[in-house]
Each structure stands twice: as C-alpha cells, then as structure tokens.
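A.B. asks: Once you've had a glance at the structure underneath, I'll fire off some questions.
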Amino acid sequence: MTRSWTLDAADGDLLLRTGVTGRAARLGHRLTIAMMRWRATVEWSGDDPVGAELVVDADSFEVIGSQGGVKGLSGPEKALVRSNALSSLDARRFPQIRYVAGGIEKTTRGYRLAGTLTLRGRRREHVIDLRTEDLGASWQMSAQSRILQLDYGIKPVSLLMGSVQVADEVAVEFEAVHAKGE
C-alpha cells in the first residue's frame, strides 16, 4: 500500500542556530531563527518510508531568540538581520530551499536519510539522522544537522570591519509530530 504524509509548520518546528566568530565575538548575538513556512512530504510503501522531501520558503524566517551581545536584539536590529540574511540567501532569485532524500535506511533510533540539499542554487549531498519515537497515537520525529554556509556560496555576514562574524557553520534542528493513520 502506497501512501504519503505531509507535515508543515503547524506540526512542528524547523530552527536554525547561528554562532559568532571574530576578534569581538562577545559583542555578537548567537541567533535562533524559526523557518515559518515549510512543507515535508514522506512517501511510504507499506510500513517503510521510501522517499522524503522538505521545501522551505527562503524568506519565511523570523528571529525568535538571541544569546550574547551587549544587549538584546531590538525590533530594528531583527529587521536588519532579516534584510542581511535575505540578501545573503539571494532569496528573490532562489526562493526555496529544498532537501530530497532518495535513500532511506532504518536505524536503531529511526532513519538515516541520504539526499541532496539545494540552497541558493547549489546542490550538495547531505545525510540526516532522523530520530523517531512512538507516542502511541502519533510519531514524534526529530533531527539535528549542520551545514556550512560557504559550501552553498553564502558569505557569512560580518560587522565592525570583520571583528564580528556570523559563524560559517549553522545548526539546523527539526522536530514534528504526526498522527498515526493519517
């Protein structure tokens, strides 16, 4: 029996966490960014997932938290972060971020997804370990992964003549719940 699941932001969270580097890194903010518009589709054959795709609207992010810095981020500073990120992502030209898993392998804690991440027009192979937990009436799924901005042609934002820079490595976290039988 073939079926598919569709999940979106109503089912869970897709978060990005940035770091800070540079001589004056203590002045910078480590950001938590929520991607607000995304859709994941999982194709099933019987009880086994056989394909998965995640599509994220590149301009759908919102800064939801920050750590570090001299003081918290103000509204105008969050708007500047958004403007800088949209420019770095070239979101008008590349409006979607896409991950397509062609290979899915069962593991002791869930599944290993081997696929291709397309970001800012560049494609790279990427492996994600997805943990699953049976909650009775639903499944909880979670994953953590890391990407390097430079691998996708994204120059990390820098301030104060390079003394404060967004770290090249960005942590990506995913967590969602999907009801069984849907």
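A.B. asks: So for segment 39-100, Kirkwood radius off the Cα pairs, Stokes-Einstein at 4 °C and 1.567 mPa s: how many µm² s⁻¹?
C.D. replies: The Stokes-Einstein estimate is 91 µm²/s.
A.B. asks: Let me ask something else about it. Heavy-atom accessible area per residue, segment 52-98, 1.4 Å probe: how many Å²? Before the final figure, lay out each step's value.
C.D. replies: Numbers: 2760 Å² over 47 residues.
Normalised by residue count, the accessible surface of segment 52-98 is 59 Å².
A.B. asks: Quick one: net charge of S83's neighbours, Cβ under 14 Å, K/R +1, D/E -1?
C.D. replies: With Lys, Arg at +1 and Asp, Glu at -1, the net is -1.
A.B. asks: Further, regarding this structure: Enter the per residue convex hull volume of the chain, computed from alpha-carbon coordinates, in Å³ rounded to the nearest integer.
C.D. replies: About 125 Å³ per residue, rounded to a whole number.
A.B. asks: Report the label-to-label distance for R3 and T116 in nanometres (one decimal), using points 7 Å from each Cα along the Cα→Cβ vector.
C.D. replies: The answer from the label model is 3.0 nm.
A.B. asks: Ok, one more. How tilted is helix 75-89 with respect to the longest principal axis of the chain? Cα atoms for both, answer in degrees (0 to 90, nearest 10).
C.D. replies: The helix 75-89 is inclined about 70 degrees to the chain.
A.B. asks: Taking the Cβ of V177 as the center, what net charge do the other residues with Cβ under 10 Å away carry, scoring Lys and Arg +1 and Asp and Glu -1?
C.D. replies: The answer is -3.
A.B. asks: Could you work out how far apart the two model spin labels at V127 and E169 are, taking each label as a point 7 Å from the Cα in the direction of the beta carbon, and quote it in nm?
C.D. replies: Rounded to a tenth, the inter-label distance reads 1.7 nm.
A.B. asks: Of the accessible area of the chain, with the probe set at 1.4 angstrom, what percent is carbon plus sulfur?
C.D. replies: 51
The values are calculated or read from the model by the stated rules, or taken from the named source; none is laboratory data. What you see is a predicted model, and the numbers here were worked out from it, not measured in a lab. Using ideal geometry, Cβ is built from the backbone for each residue, glycine included, and neighbour counts are taken over all protein chains shown. Heavy atoms of the whole protein, side chains included, go into the accessibility calculation; ligands, DNA and RNA do not. Shrake-Rupley method; radii C 1.70, N 1.55, O 1.52, S 1.80 Å.
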